[in-house]
Structure formats: structure tokens, C-alpha cells
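Engineer: Handing you a structure now.
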Amino acid sequence: MKMNDELKKYFLQYSDIFEKNVYIENKVLANNFFKNQSFFDLEIIGDYNSNILFIEDFFIDNQSPLFLIKKSHGLFKKILKSINLSYKDIQIIRINRRSGFNNISILNEFDKNIKNKTKKIIISLGPSILNDYKLIESSRNKKLKYKNIDLMFTYHPKDLITNEKLKVNAWRDFKYLRDNYLYG
């Protein structure tokens, strides 16, 4: 059975939200989809016209438990609220892909989604394709650019859940975002 991308996205989101497998003709769709996936997917959330863009890069075969990813989404919403933002004020591009997928293809698709927009800043939650997955510590607190857009790196909320010592630095990053891009 060959499904279109929108249908796959729906089933993945359903499975993610309700923590249940999706069955079609007595077969588990979500598990088969993950095992057979040979491409990547960009999930775009929030305001398409926002000048603040967050990027999350997920590896589908990553062993991160589903509850940790859901908990990190909740923490991210709380962090945004602490600087007077919400999903309706920002845009998030989540890259869901298998490890080893062609990075050039992903960058091309990412570029299509930010082209001809007036973005002030891109914030990478954790290491990402935008810095060749260098350790986050080597990218934080540096003035970087991507396609003439300011680029900033901070810790992914799932990392803040597993290592609370990182919260101090993440809070500094979000205060910098607030002070320099929201009110500065």
C-alpha cells in the first residue's frame, strides 16, 4: 500500500498524540512506516509568517522514548510562555528522518520553506543539520548566520529534562532571544 505524504503525517501525529498504534487491515501502520521509511518529512507548526523560526531535527530510529518527546514538547511550550510567546507567534520546522539520509536533500527542502520570508532569527533546538551536528557547546553563544538570517543554538527541551544542569544556559539563551529579538 502506497500512502501519500499527508496521510502518513496524519497517522504519525495520531499515533504520537494518542500513544497508540494505527491499524489498517490488522497491520500496525506506524511501526511498519518507521521500519520502511526511506525519506524525511518536514513538519511545519505555528505561524508561517513569523519572523522567529525554531528547527528541531529528529532521527526516527533514535531510541528516545515517546513519553520523553511529548514531555519535551510540553516543556518547550512553557519556555515559550515564559518569554511571552506561543506556537501562534513562532514557526517550528521539525525534520523527521532516518539516520544517514542525504543532508543536501533536507537542506534544499528546508531552504524552500524559509525562502522569500522575512525571518529575523532561526533557533536550533539542539545540534542540527545547520551546523553539521557539531556539539551544541561549540555553537552556543556565537553570532552565526544562515542565508543572511541570524542563527542561534540552544539545548533541546528533551536534553533539559534529562540533564537539569543545562536549564541555566537554556534560560540565558531564551532571555537573549526575548531581549534582542522580541523587545530589542
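The values are calculated or read from the model by the stated rules, or taken from the named source; none is laboratory data. Just so it is clear, the structure is predicted and the values come from calculations on it, not from any experiment. Using ideal geometry, Cβ is built from the backbone for each residue, glycine included, and neighbour counts are taken over all protein chains shown. SASA here: full protein model, heavy atoms, side chains in, ligands and nucleic acids out. Shrake-Rupley method; radii C 1.70, N 1.55, O 1.52, S 1.80 Å.
Engineer: With modelled with pLDDT under 90, of a type in the set (Phe, Trp, Tyr), surrounded by 13 or more Cβ atoms within 10 Å (Cβ to Cβ) and assigned to a helix (DSSP H, G or I) as the only criterion, which of PHE58, PHE67, PHE33 stands out?
Structural biologist: Result of the check over PHE58, PHE67, PHE33: PHE33.
Engineer: Do you know which of the residues in the range 131-184 that are among the charged types (D, E, K, R) and in a strand (DSSP E or B) is surrounded by the fewest Cβ atoms within 10 Å (Cβ to Cβ)?
Structural biologist: Across the range 131-184, the extreme among qualifying residues is LYS145.
Engineer: Any residue at all in the range 89-110 that's touching a Lys or Arg at 6+ places or on another chain (Cβ under 7 Å), at pLDDT 80 or above and either in a loop (DSSP other than H, G, I, E, B) or not hydroxyl-bearing (Ser, Thr, Tyr) (or both)? First the steps, then the outcome.
Structural biologist: To start, the set of residues in the range 89-110 that are touching a Lys or Arg at 6+ places or on another chain (Cβ under 7 Å) comprises 106.
Next, only the ones that are at pLDDT 80 or above stay: none.
For the range 89-110, residues touching a Lys or Arg at 6+ places or on another chain (Cβ under 7 Å), at pLDDT 80 or above and either in a loop (DSSP other than H, G, I, E, B) or not hydroxyl-bearing (Ser, Thr, Tyr) (or both): absent.
Engineer: Kindly indicate whether ILE121 is at pLDDT 90 or above and among the β-branched types (Val, Ile, Thr). If you could, list the steps in order and put the result at the bottom.
Structural biologist: On the way: at pLDDT 90 or above: yes; among the β-branched types (Val, Ile, Thr): yes.
So ILE121 passes the test.
Engineer: Then there is this: Report whether or not SER38 is open to solvent by 30 Å² or more (accessible area, probe 1.4 Å), under 23 Å from PRO157 (Cα atoms) and modelled with pLDDT under 85.
Structural biologist: Numbers: open to solvent by 30 Å² or more (accessible area, probe 1.4 Å): yes; under 23 Å from PRO157 (Cα atoms): no; modelled with pLDDT under 85: yes.
It is false that SER38 is open to solvent by 30 Å² or more (accessible area, probe 1.4 Å), under 23 Å from PRO157 (Cα atoms) and modelled with pLDDT under 85.
Engineer: What pairs can you find where one residue is in the range 154-172 and under 15 Å from PHE67 (Cα atoms), the other is in a loop (DSSP other than H, G, I, E, B) and polar (S, T, N, Q), and their Cβ atoms are less than 9 Å apart, with a gap of 6+ or different chains?
Structural biologist: LYS158/SER64
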